[in-house]
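The values are calculated or read from the model by the stated rules, or taken from the named source; none is laboratory data. This structure is a prediction, so every number in the text was calculated from the model and none was measured. For neighbour counting, all protein chains shown are included, and Cβ atoms are generated from backbone atoms with ideal geometry for every residue, glycine included.
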Ligand SMILES: Cc1cc2nc3c(=O)[nH]c(=O)nc-3n(C[C@H](O)[C@H](O)[C@H](O)COP(=O)(O)O)c2cc1C
């Protein structure tokens, strides 16, 4: 008996949020997000772990259609440049993918890592300074899971020229751009990643990614039916 375990329904809820979270691009609705809900989600993000309790994540809530149009134009340029890197069938498939929903979602959230903060007094960063970025990514994941639990979708857009995003949103030099997120209600959550459904990439089996004692030594054997 573990007195610290959540109730069965709560445990199921945590796993449900993890397995049913999706990167959403095609299914956004324009309905506004209630202000208390948005605040709850951002507060959940702000409660992520951070190195030395540095709390480096900063969030810019972007609603203004004119600013979003600038970011969308940035995406379209970066997307065309990225498409040109592929040939033949991959290029054709890339062009069929919808990889952002900047104008479809009612709210965008730009997530930054503020490096210039005295909080945490450098604890944990002397030998691994990049842990401030990892801390910020933890905040993104909190936001993503909390949004899923609230029935909201998030799409992460990395196909952007960061210098142009910085100029559009007046991001200071002390902050690193970590994530640009589209957030909103959705008509549906797909039951598998879009990129898997469209044949771009598939989830690797668990036994391929978990090792025992030394890198490369398998912890798990492949299941006889190939599932994991
Ligand atoms: C760091 C990061 C950047 C991403 N950038 C993009 C992007 O620019 N466009 C996009 O459509 N999806 C983007 N994604 C979403 C991934 O494609 C998606 O997470 C992956 O295909 C698995 O699908 P799922 O999130 O629905 O499980 C990004 C995800 C991460 C974690």
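Just one of (1) in contact with a strand residue (DSSP E or B) (Cβ under 7 Å, 6 or more places away or on another chain); (2) in a loop (DSSP other than H, G, I, E, B) fails for residue 192. It is (1). When 21, 39 are checked against the criterion of being at pLDDT 95 or above, under 14 Å from residue 146 (Cα atoms) and buried (at least 16 other Cβ atoms within 10 Å of the Cβ), 21 stands alone in meeting it.
Could you list, in sequence order, the residues of segment 62-89 that are in contact with a strand residue (DSSP E or B) (Cβ under 9 Å, 6 or more places away or on another chain) and closer than 21 Å to residue 159 by Cβ?
Of everything in segment 62-89, those that are in contact with a strand residue (DSSP E or B) (Cβ under 9 Å, 6 or more places away or on another chain) and closer than 21 Å to residue 159 by Cβ turn out to be 62, 67, 68, 71, 75.
Within segment 114-129, residues that are under 22 Å from residue 173 (Cβ atoms) have Cβ atoms under 6 Å from residues that are assigned to a loop (DSSP other than H, G, I, E, B) in these pairs: 114/56; 115/174; 116/174; 119/54; 119/55; 120/54, counting only partners at least 6 apart in sequence or on another chain. Applying a threshold of 6 Å to beta carbon distances and a minimum spacing of six or more residues, or different chains, the list of pairs starting in segment 190-207 at a residue that is in contact (Cβ under 8 Å) with a residue 24 or more places away in the chain and ending at one that is near the ligand (Cβ under 8 Å from one of its atoms) and part of a loop (DSSP other than H, G, I, E, B) reads 190/22; 195/201. When you look at residue 147, is it exposed (fewer than 12 other Cβ atoms within 10 Å of the Cβ) and within 16 Å of the ligand (Cβ to nearest atom), yes or no? Answer is no for this residue. What number of residues within segment 144-158 satisfy the criterion of being outside any helix (DSSP H, G or I) and closer than 11 Å to residue 24 by Cβ? Residues that pass the stated criteria total 5.
Each row is one residue, and each column tells you yes or no for (1) more than 12 Å from the ligand (Cβ to nearest atom); (2) free of Cβ contacts under 8 Å to residues at least 24 places away in the same chain; (3) out of contact with any helix residue (DSSP H, G or I) (no Cβ under 8 Å at 6 or more places or on another chain); (4) not in a loop (DSSP other than H, G, I, E, B).
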residue	(1), (2), (3), (4)
136	no, no, yes, yes
160	no, no, no, no
176	yes, no, no, yes
221	yes, yes, no, no
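Those residues that are within 14 Å of the ligand (Cβ to nearest atom) and within 28 Å of residue 31 (Cβ to Cβ), I need them from segment 162-174; list them, please. Matches in segment 162-174: 165 only.
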